[in-house]
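Structure first, then comments.
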Amino acid sequence: MRTSRAQCILNKVLQSAIFFETPEEILQRVFRECKPRTPVPAVRLKFCKFANANSSVRWDASGLEFRITDVLEGAPSAILESLAHILMAKLLRRPSPRTHAERYRRYLNRKEMRRSLQLVKQTRGRKFVSGPQGNAYDLEAIFEEINLAHFHGLMARPLLGWSRRASRVLLGHYDPSHNAIIVSRLLDRPAVPRLAVEYILFHEMLHLRFPVEHRGARRCVHTREFKTAERQFPRLKEAQQLLKAICS
Ligand SMILES: [Zn+2]
């Protein structure tokens, strides 16, 4: 007997209806695979507006709760399955199954995924706890002075702020995804000479002026042009010694 084309399509539809799983059912199945002898607890799944690809799972008396970034809402079931395996492995303190880890990583690395992640980081990341006005120094005023002295006043002002923590390791950084310069709160004290803040800000402004260069797989952050420009800073040695003393 010959199967008609319509019959064929109908079979396909029926098949996919049988194999269709809701995201919750996928999570339950993964749980069964990881802990075959334990009755499957109630499973809740929440897609959350995180600022990154963080996802987590919690297991308590009320059941399992998966919190997954909403960037993955609508991802193929295979990806959700792989992520569930990774999260369960973490929960059970087992090594991540390699095939799942690989598949998940490859998916996140796709161009459009990288782009969505960059976008949510930009719009959701709460970088700033402060504006440019600190307790001792106003970064905006210092920025404009340096701008005039070294950049003909032509540099567009990025967001300027003080870090939440008084980091000794990272005294300043330029964050291109927020177009922001953040200076360590460690330097926002009257005991710290203004020269130290000026130099850090100048250094970060040079990062705006000379973007990171990619040479094959290598990233060059402080290019030759960058270093030449940095040497133009008056009292450079003095400023660097000050920072060394502050950090030690
Ligand atoms: Zn640098």
- Query: So which residues in the range 213-248 are in a loop (DSSP other than H, G, I, E, B), in contact (Cβ under 8 Å) with a residue 12 or more places away in the chain and closer than 19 Å to L171 by Cα, if there are any at all?
  - Reply: V221, F233, R235
- May I ask you to verify whether A180 is within 18 Å of R164 (Cα to Cα) and of a type in the set (G, A, S)? yes
- Among the residues listed as L187, L195, the single one being crowded, with 17+ Cβ neighbours inside 10 Å and over 30 Å from E73 (Cα atoms): L187
- Query: Looking at the range 214-231, is at least one residue at pLDDT 95 or above, open to solvent by less than 60 Å² (accessible area, probe 1.4 Å), over 23 Å from the mean Cα position of the chain (by Cα) and more than 22 Å from L154 (Cβ to Cβ)?
  - Reply: no
- Message: Condition first: in a loop (DSSP other than H, G, I, E, B), under 21 Å from A149 (Cα atoms) and modelled with pLDDT of 95 or more. Now tell me which residues in the range 188-212 satisfy that.
- Response: P193
- Restricted to the range 181-196, and to residues that are over 29 Å from L119 (Cβ atoms) and of a type in the set (A, V, I, L, M, F, W, C), which residue is farthest from the ligand (Cβ to nearest atom)? A191
- Task: Could you please tell me which pairs satisfy a Cβ distance under 9 Å, a separation of 6+ or placement on different chains, a first residue in the range 161-180 that is of a type outside the set (S, T, N, Q) and more than 12 Å from the ligand (Cβ to nearest atom), and a second residue that is assigned to a loop (DSSP other than H, G, I, E, B) and open to solvent by 90 Å² or more (accessible area, probe 1.4 Å)?
- Result: W162/N135; A166/R189; R168/S248
- Evaluate the range 130-153: report whether one residue or more is modelled with pLDDT under 85 and either assigned to a loop (DSSP other than H, G, I, E, B) or within 16 Å of the ligand (Cβ to nearest atom) (or both). yes
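The values are calculated or read from the model by the stated rules, or taken from the named source; none is laboratory data. All figures in this text were calculated on a predicted structure; none of them were measured in a lab. FYI the Cβ positions are ideal-geometry reconstructions off the backbone, even for glycines, and counts take in every protein chain you see. Quick note on the areas: whole protein, heavy atoms, side chains included, nothing else; ligands and nucleic acids left out. Shrake-Rupley method; radii C 1.70, N 1.55, O 1.52, S 1.80 Å.
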